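Working notes, structure below.
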Amino acid sequence: MEIIVTHKNADFDALASLVAASIVYPEARPIVPKTLNPNVRAFLSIHKDLFSLFDRDAVDLAEVSRLIVVDTAQRARVEGMDDLLASPDVEIHVWDHHNHQSDDIRAAVLNQEKTGAVTTLLVEEMERKKIQISRIYATLFLAGIYEDTGSLTFPGTTARDARAAGYLLEQCADLNVLKNFLRPAYGPKQKQILFEMLQHSSRSTLNGYHISINKVAVEGHTPGLAIVVDMYQDIVNVDAAFGIFTDRDKARTMVIGRSEVEGLNVGMIMRSMGGGGHPGAGSALLKEVNPDAVEEWIVELIKGNQQASVRIGDLMSFPVMTVSPETPMEEVAAILRKTGYTGIPVVEGKKVAGIISRRDFRKVKKTSQLKAPVKAFMSGKVYDIPPESSVLQAARRMIKHDIGRLPVVENGDLIGIVTRSDTMRYFYDTLPD
Ligand SMILES: [Mn+2]
């Protein structure tokens, strides 16, 4: 007998790949894990009979000669299969997209690729084998791809995921069904927490911003708190809102913040507390803390105006590699090649006279022109930025003028340079989940 298994706490990618594998391996029985994510459980409560899934108790593991594992390659994530995973008589096939160092399932056949969702690999396989996919199956597979790729927006998304999603839409995957099940968990528990927050809501003004900080007791793992804080901020209508969610039994406190104003960087505040995020949203998980102390800590961090301390002057690189207007183009080319920079300022004394970038080399038509001074090819129109501007201002400036770097100028003198990747690194600090 052949069986298909996936990891515990199955998400949509796990369930979708489990079902997809049962099509690719028509003899194999897909086994539903005992633990499922809430939205997957909700989906299965309506759809379970459509997919001929098996409970583990319904199969005799002693009969199994081939084990197909999807969406993980780690033994610890697969429940109740230790004997099979260890048995030399069982042929193991793995379909996965994670590639962890701790992968320890020894597979006779390993299909492991760095796609956003593992369902993508199985959909490709079905397409290759020209297997028809019905509308309900296409919907489930698309849910798998969308969940693991954040509807194709997460950085780990690949072109293959998008292509597979396109193929499933051609097979009439139903986006209305998806919308209902993929919606992040906002259920009675979350509603209750929001209600409690609203009952005790208070507003204060700090550094000119309207702030609301709310402390709530929660029990056990509570997903969807970020959405609750989002809705809370909307309703109380403040510049920034913070939720301090404490689980007393586990001595754990989750802090979630949300800000709508540029001057109040929640990501910075959360980083100071050991968490992370971006300017508009962030979170931190704290152990053994008193919620009142956490509230004071947040107030202190806002008062200390942490976010205001991040100015372009802090982010810029210096000293700046520059050339003079008389530098020959070939020398500039050599510098760009050596440093990997895409452009450098041209200066006279400390004043920026222009910028020369790789793009400007397109104006060079004859080799002899490489002997000419850079001033003949540089762009004289320079967009610069003062050191006290915010990162967002710098990013907007670069986007508006389609340039990759801004000289930082103070009292007319060049003091540094800031690039698009500097601002990107600042904004795209990872959000913990
Ligand atoms: Mn996955």
* Asked: Filtering the stretch 271-292 down to residues that are at pLDDT 90 or above and in a helix (DSSP H, G or I), which residue is surrounded by the fewest Cβ atoms within 10 Å (Cβ to Cβ)?
  -> 292
* Asked: Can you name every residue in the stretch 110-128 that is touching a strand residue (DSSP E or B) at 6+ places or on another chain (Cβ under 7 Å) and either within 16 Å of residue 22 (Cβ to Cβ) or within 15 Å of the ligand (Cβ to nearest atom) (or both)?
  -> 111, 112, 118, 121, 122
* Structure fact -> Within the stretch 308-335, residues surrounded by fewer than 18 Cβ atoms within 10 Å (Cβ to Cβ) and over 21 Å from residue 390 (Cβ atoms) come out as 319, 321, 324, 325, 326, 328, 330, 331, 333, 334, 335
* Candidates 28, 20, filtered to the one that is touching a residue at least 12 places away in the same chain (Cβ under 8 Å), surrounded by 13 or more Cβ atoms within 10 Å (Cβ to Cβ) and within 26 Å of the chain's Cα centre (by Cα) -> 20
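Tell me, please, whether a residue that is of a type in the set (Lys, Arg) and closer than 30 Å to residue 156 by Cα can be found in the stretch 406-429.
Of the stretch 406-429, the ones of a type in the set (Lys, Arg) are 420, 425.
So of that shortlist, the ones also closer than 30 Å to residue 156 by Cα come out as 420, 425.
Yes, the stretch 406-429 has at least one match.
Of the residues 193, 133, 145, which is crowded, with 16+ Cβ neighbours inside 10 Å and either of a type in the set (D, E, K, R) or closer than 30 Å to residue 216 by Cβ (or both)?
Values: 133 fails: either of a type in the set (D, E, K, R) or closer than 30 Å to residue 216 by Cβ (or both); 145 fails: either of a type in the set (D, E, K, R) or closer than 30 Å to residue 216 by Cβ (or both).
After ruling out the rest, the residue left standing is 193.
What residue, of 221, 200, is outside the structural domain of residue 44 (by TED's automatic domain parsing) and at pLDDT 90 or above? Talk me through it step by step, then tell me what you get.
Numbers: 221 fails: at pLDDT 90 or above.
The unique qualifying residue is 200.
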* Filter result for residue 115 (over 23 Å from residue 3 (Cβ atoms), crowded, with 18+ Cβ neighbours inside 10 Å and under 18 Å from the mean Cα position of the chain (by Cα)) -> yes
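Residue-by-condition table, conditions (1) within 14 Å of residue 144 (Cα to Cα); (2) at pLDDT below 90; (3) surrounded by 15 or more Cβ atoms within 10 Å (Cβ to Cβ):
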{"residue": "43", "(1), (2), (3)": "yes, yes, yes"}
{"residue": "52", "(1), (2), (3)": "no, yes, no"}
{"residue": "66", "(1), (2), (3)": "no, no, yes"}
{"residue": "69", "(1), (2), (3)": "no, no, yes"}
{"residue": "83", "(1), (2), (3)": "no, no, no"}
{"residue": "86", "(1), (2), (3)": "no, no, no"}
{"residue": "104", "(1), (2), (3)": "no, no, no"}
{"residue": "111", "(1), (2), (3)": "no, no, yes"}
{"residue": "123", "(1), (2), (3)": "yes, no, yes"}
* Asked: When you look at residue 59, is it within 16 Å of the ligand (Cβ to nearest atom) and under 21 Å from residue 16 (Cα atoms), yes or no?
  -> no
* Asked: Could you list, in sequence order, the residues of the stretch 65-83 that are in contact with a helix residue (DSSP H, G or I) (Cβ under 6 Å, 6 or more places away or on another chain) and closer than 18 Å to residue 25 by Cβ?
  -> 67, 68, 70, 71
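Does residue 99 fit the bill of being within 16 Å of the ligand (Cβ to nearest atom) and surrounded by fewer than 17 Cβ atoms within 10 Å (Cβ to Cβ)?
Details: within 16 Å of the ligand (Cβ to nearest atom): yes; surrounded by fewer than 17 Cβ atoms within 10 Å (Cβ to Cβ): yes.
Answer is yes for this residue.
Away from the ligand (no atom under 16 Å from the Cβ), in the same structural domain as residue 138 (by TED's automatic domain parsing), assigned to a loop (DSSP other than H, G, I, E, B) and under 30 Å from residue 176 (Cβ atoms): is that true of residue 33 in this structure?
Details: away from the ligand (no atom under 16 Å from the Cβ): no; in the same structural domain as residue 138 (by TED's automatic domain parsing): yes; assigned to a loop (DSSP other than H, G, I, E, B): yes; under 30 Å from residue 176 (Cβ atoms): yes.
No; evaluated as a whole, the condition is false for this residue.
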* **Candidates 414, 392, 370, 336, filtered to the one that is among the aliphatic types (A, V, I, L, M) and either on the phi > 0 side of the Ramachandran plot or more than 38 Å from the chain's Cα centre (by Cα) (or both)** => 370
* Is it fair to say residue 212 is closer than 21 Å to residue 293 by Cα, assigned to a strand (DSSP E or B), modelled with pLDDT of 90 or more and over 23 Å from the mean Cα position of the chain (by Cα)? -> yes
* Asked: Any chance the stretch 1-21 includes a residue that's over 22 Å from residue 149 (Cα atoms) and hydroxyl-bearing (Ser, Thr, Tyr)?
  -> no
* Asked: Which residue out of 92, 131 is in contact (Cβ under 8 Å) with a residue 40 or more places away in the chain, more than 15 Å from the ligand (Cβ to nearest atom) and of a type in the set (A, V, I, L, M, F, W, C)?
  -> 131
* Asked: In the stretch 151-165, which residue that is exposed (fewer than 13 other Cβ atoms within 10 Å of the Cβ) and at pLDDT 85 or above is farthest from the ligand (Cβ to nearest atom)?
  -> 159
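What's the total number of residues in the stretch 215-238 that are touching a helix residue (DSSP H, G or I) at 6+ places or on another chain (Cβ under 8 Å) and of a type in the set (S, T, N, Q)? Please lay out each step first, then the result.
Looking only at the stretch 215-238, we keep the residues that are touching a helix residue (DSSP H, G or I) at 6+ places or on another chain (Cβ under 8 Å), and these are 215-216, 218, 222-225, 227-228, 231-232, 235-236.
If we keep only those that are of a type in the set (S, T, N, Q) too, we end up with 222.
Count: 1.
The values are calculated or read from the model by the stated rules, or taken from the named source; none is laboratory data. Computed from a predicted structure; not experimentally measured. Don't worry about glycine lacking a Cβ; one is built from the backbone with ideal geometry, like all the others, and counts go over all protein chains shown.
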